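Step one of this worksheet: look at the structure below.
The values are calculated or read from the model by the stated rules, or taken from the named source; none is laboratory data. Note that the structure is predicted; figures quoted are calculated from it, not measured. Note: ideal-geometry Cβ built from the backbone for every residue, glycine included; neighbour counts use all protein chains shown. Each accessible area value is taken on the protein alone, full model and side chains, heavy atoms only, with ligands, DNA and RNA left out. Shrake-Rupley method; radii C 1.70, N 1.55, O 1.52, S 1.80 Å.
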Amino acid sequence: MSKTIKKIPIAIPFMGEAEAAAASRVILSGWVTQGPEVAAFEAEFAEEVGAKYACAVSNCTNALHLALLAVGVQPGDEVITVSHSYIATANSIRYCGATPVFVDIEPQSYNINPLLIESAISDRTCAILVVHQMGMPCDLKATIDIARQYNLPVIEDAACAIGSEILWDGKWEKIGKPHGDIACFSFHPRKVITTGDGGMITTNNREWDQQFRLWRQHGMSVPDTVRHGAKQVIFESYPMLGYNYRMTDIQAAVGREQLKRLPEIVSRRRYLAARYHQMLADIPSLKLPTEPEWAKSNWQSYCVRLPNGCDQVQVMQAMLDAGISTRRGIMCAHREPAYSQEKWSCGIQQTDCSCQKGNCAQLPESEVAQDLSILLPLFHQMTEQEQNYIDQVFKANVRLIILTSPDLNKSLDSVP
Ligand SMILES: *Cc1c(COP(=O)(O)O)cnc(C)c1O
């Protein structure tokens, strides 16, 4: 057992000399934060997704905060969203002093179930914040139909969804156009392209875009670039409370190089996801992720659902022992201590809910998805051999666990 095995991580960013040279160029230029590189990255990003405006910020969480502020979310308001997401989704609502109202997900897409949105709308509802979870587009058509009926803005948490596509009026369009009102992206290293940390807000609304630009730089009326280039002395003013949500020019220069690699990265991820799909299809009790016919994922994560009763930790530990990193399924914010002290609505009007405080387990699909799903490694540089090894170890362990678990034996017939 002393054989050393090469470790396979869950993800590695795909960056190289081009990114290093871009960062170096900016560092040596004398202008290192929000400036010409940020402006160029914004223009190229807007072009890439088909949005009129793109505004770069420090990360996606801050992007979501500004998006919610722009559509008018205020203290005491409610925003409909999912608990089943990275905690930043729900946190951004709390930054506005508003309350996230959690709606359950669809089990196969891991995205908001549009059929449950309407019953979560109250007279305090101010916006709907949907997530394209793990890069899989959510059912935007159905969500937007409901939102328009109630005159509610739709914000897309597209943190993971750069390069994903949705069929819109018969045409394939990029996530970020935006199809709702505002879309927010992340460039954290765990996402499909990265700037170390970073975020982008896309919209077709010019006023909102201008608002984002003020907010991200302390609410300052004159940007640094304008003051720098001015022939006359100008003093800035601060007409509103702003934030420091800037992206640096070093990050933006890296982002521009990453954007050039995007088509190659997405096509490789699609190839590897299809390969997983083919290899794992022979365990019928395993639920594999599938695209609806109107969506193309960028496969930011490949998430498989274990059979009911299967011990997620046991499978993950066995994988880790074999040198393979995995992650549990997407978390649920309502189960975290940061959310346990408050009356988080569970999608049922609080007074109608038997628990009377809202944080009861009324999100069964969200919880089951967290408890039974496993994310397998998927990254650009992953070789076919590594993927074969993951497949082999994963299947051997899942079979073993199913075989040795009396409750699971029933599903044994389906295991080859
Ligand atoms: C990663 C992620 C975020 C947060 O992005 P940051 O850039 O790290 O702030 C928000 N929402 C979802 C769905 C995410 O996956």
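What to note about this one:
- Evaluation of Tyr86 against the conditions (1) surrounded by fewer than 23 Cβ atoms within 10 Å (Cβ to Cβ); (2) touching a residue at least 60 places away in the same chain (Cβ under 8 Å); (3) away from the ligand (no atom under 16 Å from the Cβ) shows that the sole unmet condition is (3).
- Here the condition is being part of a loop (DSSP other than H, G, I, E, B), farther than 15 Å from Val38 by Cβ, within 15 Å of the ligand (Cβ to nearest atom) and not aromatic (Phe, Trp, Tyr); of Gln300, Gln232, it holds for Gln300 alone.
- Selection status of Tyr110, touching a residue at least 24 places away in the same chain (Cβ under 8 Å) and at positive phi: yes
- Tally, over the range 190-221, of residues that are open to solvent by 50 Å² or more (accessible area, probe 1.4 Å) and within 16 Å of the ligand (Cβ to nearest atom): 2
- Set Ala67, Ala54, Ala98: member being under 22 Å from the mean Cα position of the chain (by Cα) and within 13 Å of the ligand (Cβ to nearest atom): Ala67
- Under the condition of being small (Gly, Ala, Ser) and surrounded by 15 or more Cβ atoms within 10 Å (Cβ to Cβ), the residues counted in the range 19-38 number 3.
- Residue check for Val49: open to solvent by less than 50 Å² (accessible area, probe 1.4 Å) and under 19 Å from His188 (Cβ atoms): yes
- Within the range 168-206, considering residues that are out of contact with any helix residue (DSSP H, G or I) (no Cβ under 9 Å at 6 or more places or on another chain) and in contact (Cβ under 8 Å) with a residue 24 or more places away in the chain, the one nearest to Glu257 (Cα to Cα): Pro189
- Of the helices (runs of 4 or more DSSP H) that lie entirely inside the range 1-78, not one contains 2 or more residues that are outside the structural domain of Gly199 (by TED's automatic domain parsing) and among the hydroxyl-bearing types (Ser, Thr, Tyr).
- Test: Phe102 is outside any helix (DSSP H, G or I) and either assigned by TED's automatic domain parsing to the domain that holds Val226 or in contact with a Leu (Cβ under 9 Å, 6 or more places away or on another chain) (or both): yes
- Residues that are assigned to a helix (DSSP H, G or I), open to solvent by 60 Å² or more (accessible area, probe 1.4 Å) and either modelled with pLDDT under 95 or touching a Lys or Arg at 6+ places or on another chain (Cβ under 8 Å) (or both) within the range 385-408 comprise Arg399, Leu400, Leu403, Thr404, listed in sequence order.
- Note on the range 222-239: residues that are within 32 Å of the chain's Cα centre (by Cα) and open to solvent by 60 Å² or more (accessible area, probe 1.4 Å) amount to 1.
- Only residues that are at pLDDT 95 or above and on the phi > 0 side of the Ramachandran plot were counted across the range 265-309, and they come to 1.
- Residues in the range 108-136 that are in a loop (DSSP other than H, G, I, E, B) and surrounded by 18 or more Cβ atoms within 10 Å (Cβ to Cβ) were compared, and the one that is nearest to the ligand (Cβ to nearest atom) is His132.
- For first residues located in the range 65-77 and modelled with pLDDT of 95 or more, partners that are assigned to a loop (DSSP other than H, G, I, E, B) and surrounded by fewer than 24 Cβ atoms within 10 Å (Cβ to Cβ) and lie 6+ apart or on another chain with Cβ distances below 6 Å form the pairs Leu68/Cys96; Val71/Pro153; Val73/Cys96; Val73/Ala98; Pro75/Gly97; Asp77/Ala98; Asp77/Arg124.
- When the criteria are applied in full, Val254 fails the requirement of being open to solvent by 30 Å² or more (accessible area, probe 1.4 Å) and farther than 30 Å from Trp294 by Cβ.
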